[in-house]
1. Restricting to region 1-24, what's the tally of residues that are within 14 Å of the chain's Cα centre (by Cα), assigned to a strand (DSSP E or B) and farther than 25 Å from Thr99 by Cα?
2. Of all residues in region 54-90 being assigned to a loop (DSSP other than H, G, I, E, B) and open to solvent by less than 50 Å² (accessible area, probe 1.4 Å), which is nearest to Gln3 (Cα to Cα)?
3. Taking only region 23-53 into account, find how many residues are surrounded by 16 or more Cβ atoms within 10 Å (Cβ to Cβ) and closer than 21 Å to Gln115 by Cα.
4. Could you list all residues from region 25-40 that are assigned to a strand (DSSP E or B) and over 25 Å from Ile105 (Cβ atoms)?
5. For region 1-51, what are the residues that are of a type in the set (Phe, Trp, Tyr) and under 24 Å from Lys64 (Cβ atoms)?
6. May I ask you to list the residues in region 91-108 that are surrounded by fewer than 18 Cβ atoms within 10 Å (Cβ to Cβ), touching a residue at least 60 places away in the same chain (Cβ under 8 Å) and either among the aliphatic types (A, V, I, L, M) or within 18 Å of Gln44 (Cα to Cα) (or both)?
7. Restricting to region 1-22, give me the number of residues that are open to solvent by 50 Å² or more (accessible area, probe 1.4 Å), over 17 Å from Ser84 (Cβ atoms) and among the hydrophobic types (A, V, I, L, M, F, W, C).
8. Does Val50 satisfy the condition of being at pLDDT 95 or above, within 15 Å of the chain's Cα centre (by Cα) and in a strand (DSSP E or B)?
Amino acid sequence: QVQLVESGGGLVQAGGSLRLSCAASGSIFSFDTLGWYRQAPGKQRELVSVITNGGSANYADSVKGRFTISRDNAENTVYLQMNSLKPEDTAVYYCNAATTLAGFIPYEYWGQGTQVTVSS
């Protein structure tokens with residue numbers, strides 16, 4: 001059973017920073033991609049950032065230049081460094097891991113979510 005556990009969320013003033021962590025059971029290198037999604041009240045869950053095993057990263061336009069995704073294979077952890085936070089960033093942030101079960105069945109794992117609240 002694969003488990004993803006997020007941490008690092010909290011309350012911060014606009015312009016501040018937070019670092020989210022997602023610890024995975026087993027080797028994160030076994031996943032095709034690791035990413036972060038977020039969902040604000042009354043809104044649809046949206047992609048924030050994705051990183052591949054090769055280290056290539058992609059970001060939503062709304063967070064480019066402010067957020068940085070990274071991974072530590074030795075610690076089986078993916079991070080999201082969030083700088084220059086805005087009230088619009090307020091949401092529950094979810095860790096995501098995409099893989100193929102038994103080598104051919106597409107599947108995704110999700111963390112429980114961590115709340116990020118940015119005050120104006």
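The values are calculated or read from the model by the stated rules, or taken from the named source; none is laboratory data. All values derive from a computational prediction rather than experimental measurement. Here Cβ is always computed from backbone atoms with ideal geometry, including for glycine, and neighbour counts include all displayed protein chains. Please note that ligands, DNA and RNA were not included when accessible areas were found on the heavy atoms of the full protein model with its side chains. Shrake-Rupley method; radii C 1.70, N 1.55, O 1.52, S 1.80 Å.
1. 1
2. If we take residues in region 54-90 being assigned to a loop (DSSP other than H, G, I, E, B) and open to solvent by less than 50 Å² (accessible area, probe 1.4 Å), then Asn76 is nearest to Gln3 (Cα to Cα).
3. Summing the residues that are surrounded by 16 or more Cβ atoms within 10 Å (Cβ to Cβ) and closer than 21 Å to Gln115 by Cα in region 23-53 gives 10.
4. Once the filter is applied, which keeps residues that are assigned to a strand (DSSP E or B) and over 25 Å from Ile105 (Cβ atoms), region 25-40 yields Arg38, Gln39.
5. Our first condition is that a residue be of a type in the set (Phe, Trp, Tyr); within region 1-51, this holds for 29, 31, 36-37.
Passing the criteria: Phe31, Trp36, Tyr37.
6. Ala98
7. Residues meeting the conditions: 1.
8. Answer is yes for this residue.
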